[in-house]
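Everything on this sheet refers to the single structure shown next.
The values are calculated or read from the model by the stated rules, or taken from the named source; none is laboratory data. All figures in this text were calculated on a predicted structure; none of them were measured in a lab. Cβ atoms come from the backbone with ideal geometry, glycine included; neighbour counts cover every protein chain shown. Only protein heavy atoms, including side chains, enter the accessible area calculation; ligands, DNA and RNA are left aside. Shrake-Rupley method; radii C 1.70, N 1.55, O 1.52, S 1.80 Å.
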Amino acid sequence: MGELKIEYSDKKVTPFGGMKLLKNFIDKTRVIEDLKSVNLPIGFSNRAYDPINIIQGFWLAIFTGASRYIHADWLRYDTTLQTIFEIDKLPSQSTYSRFFHKFNIEKNSEIFPILQQKFLSQLDVGPLTIDLDSTVITRYGEQEGAKKGYNPKKPGRNSHHPIIAFIDQTKMIANTWMRSGNTSSLNNYDAFLNETFNICLKDKKVGLVRADSGFYSQEFLEWFEKRGINYIVAVKFYENIKYTIGNITKWIKITKGLDVASLRFKPDNGSERRYIIVRKLSEEYPKSGGKLLFDEPIYRYSAYVTNIELPVDQIYNIYNTRADCENRIKELKYDFGADNFCLKDFYATEASFRFIMMAYNIMALFKHEVVNSNMMLSTLRSYCFALGSWITEHSNQKVLKISLPQKRRTWMNGLFENVKQSQIPFKYT
């Protein structure tokens, strides 16, 4: 066999013809109308890009695999994908930078909570479980707000420390703020909670809030108690709680090497509340989290405070499902570039970060309604979106030709039918 010959063609082909599925689905939502309803910053030049197209271009870059602004540039040459999304021209990385730098603290506070509320209002879902978490995003330049703080993977490096409110039932994000790297989980928590629960979730009922020990404080617990919201929060092991745990004599065995206990405990300068203590035998759970509290490293301990009066094992199991937050944070970083789209100005970085969260919610809804799977975006991109395609025109009718083996066409047609059948309100059972 001779050497494979190389030739070039001007034929306008896209490697992402499967994105037509996503375009059809976005048209079924109110996302674009919601963007038009808020006061997005606009350019003053006659040639300025429509801000809606800038945001759509940013989302398209993320969905097709970009993790930096420079990666978005190649989409400018994919005129077929632009035709699919009815966009005349996509911006360059410098246009994205200028656009996001028009955002400040006032603009972010004005726009994003309303956009979140409008998006979530499309969902028909029962009482929500909200998981509060934070993550560390390491920075390598001189970005505003990048400070030295808690950074277990890159100690001593500057970072940002965003806070995120996840929705368990829909695998979405209710709200998020970017924060400086030297910020604790509890920093300005009341303003974040007020925005999240009073604006983003104002039309929804919250049945439970879960949070890790970084949020453990009397004021934080009281915020939910005053509003009649159930919570389970991991506990920091201060000396008084360690002393109390050391005196427990009655343990309930859940399984081999796993015991739980329930007690009433009143911390210093706090109210008496119900505490759930969990201990795991180290030899049975060698990779388990928890703290070695006492001299002999036999057990690892975890503790939770709650205002729920369910059996102890149920409280433990309910909190345990919160571990899914780590998977969602991982997907945000690996598949949505949440840790890479960074600009010099702090609130420009936060604006891009919050638009990434909107992209994440769109994709979560797409997975639920169309694919009926919680696969990662990278997997979805390979199986569903990365399909070589081109556009033909016959009798004034444009046709998207998708290159797909015969045996997969029935499956693809089923996805298009799922899009066709989907409608507001999108139901979660």
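Please go through region 81-95 and pick out each residue that is more than 17 Å from Ile362 (Cβ to Cβ) and either open to solvent by less than 30 Å² (accessible area, probe 1.4 Å) or touching a Pro at 6+ places or on another chain (Cβ under 9 Å) (or both). Those that are more than 17 Å from Ile362 (Cβ to Cβ) and either open to solvent by less than 30 Å² (accessible area, probe 1.4 Å) or touching a Pro at 6+ places or on another chain (Cβ under 9 Å) (or both): Gln82, Leu90, Pro91, Ser92, Thr95. One residue alone among Lys330, Lys287, Lys250 is more than 30 Å from the chain's Cα centre (by Cα) and not hydroxyl-bearing (Ser, Thr, Tyr), and that residue is Lys250. Look at region 302-322: where a residue is without any contact (Cβ under 8 Å) to a residue 24 or more places away in the chain and more than 19 Å from Gly290 (Cα to Cα) and a partner is part of a helix (DSSP H, G or I) and open to solvent by 20 Å² or more (accessible area, probe 1.4 Å), sitting 6+ places away or on another chain with Cβ atoms under 8 Å, you get Leu310/Ile318.
For region 352-368, does any single residue satisfy the condition of being open to solvent by 50 Å² or more (accessible area, probe 1.4 Å) and farther than 30 Å from Pro41 by Cα? Before you say what the answer is, go through the steps one by one.
We begin by selecting, within region 352-368, every residue open to solvent by 50 Å² or more (accessible area, probe 1.4 Å); these are 368.
Checking which are farther than 30 Å from Pro41 by Cα leaves us with 368.
Yes, there is a match, as at least one residue in region 352-368 is open to solvent by 50 Å² or more (accessible area, probe 1.4 Å) and farther than 30 Å from Pro41 by Cα.
One residue is enough: does region 216-227 have a residue meeting the conditions touching a residue at least 60 places away in the same chain (Cβ under 8 Å) and not in a helix (DSSP H, G or I)? Looking through region 216-227, at least one residue is touching a residue at least 60 places away in the same chain (Cβ under 8 Å) and not in a helix (DSSP H, G or I). Please work out if Lys280 is surrounded by fewer than 16 Cβ atoms within 10 Å (Cβ to Cβ) and among the basic types (Lys, Arg). So Lys280 does not fit the description; no.
Among the residues of region 141-169, those that are open to solvent by less than 20 Å² (accessible area, probe 1.4 Å), at pLDDT below 95 and not aliphatic (A, V, I, L, M) comprise Gly145, Asn151, Ser159, His160, His161, Pro162. Within region 65-80, does at least one residue satisfy the condition of being open to solvent by 30 Å² or more (accessible area, probe 1.4 Å) and of a type in the set (A, V, I, L, M, F, W, C)? Yes: one or more hits.
Considering only region 140-148, I want to know if a residue exists there that is without any contact (Cβ under 8 Å) to a residue 40 or more places away in the chain and at positive phi. Scanning region 140-148 turns up no residue that is without any contact (Cβ under 8 Å) to a residue 40 or more places away in the chain and at positive phi.
Check whether at least one residue in region 369-380 is modelled with pLDDT of 95 or more, in a helix (DSSP H, G or I), surrounded by fewer than 20 Cβ atoms within 10 Å (Cβ to Cβ) and in contact with a Ser or Thr (Cβ under 9 Å, 6 or more places away or on another chain), and report yes or no. Yes, region 369-380 has at least one match.
Only one of Ala72, Ala66, Ala61 is without any contact (Cβ under 8 Å) to a residue 24 or more places away in the chain and within 30 Å of Phe416 (Cα to Cα). Can you tell me which? Result: Ala61 is the single residue among Ala72, Ala66, Ala61 that is without any contact (Cβ under 8 Å) to a residue 24 or more places away in the chain and within 30 Å of Phe416 (Cα to Cα). Checking region 130-140 against the condition returns no match, with no residue being open to solvent by 60 Å² or more (accessible area, probe 1.4 Å), touching an Asp or Glu at 6+ places or on another chain (Cβ under 6 Å), farther than 15 Å from Cys325 by Cβ and of a type outside the set (Gly, Ala, Ser).
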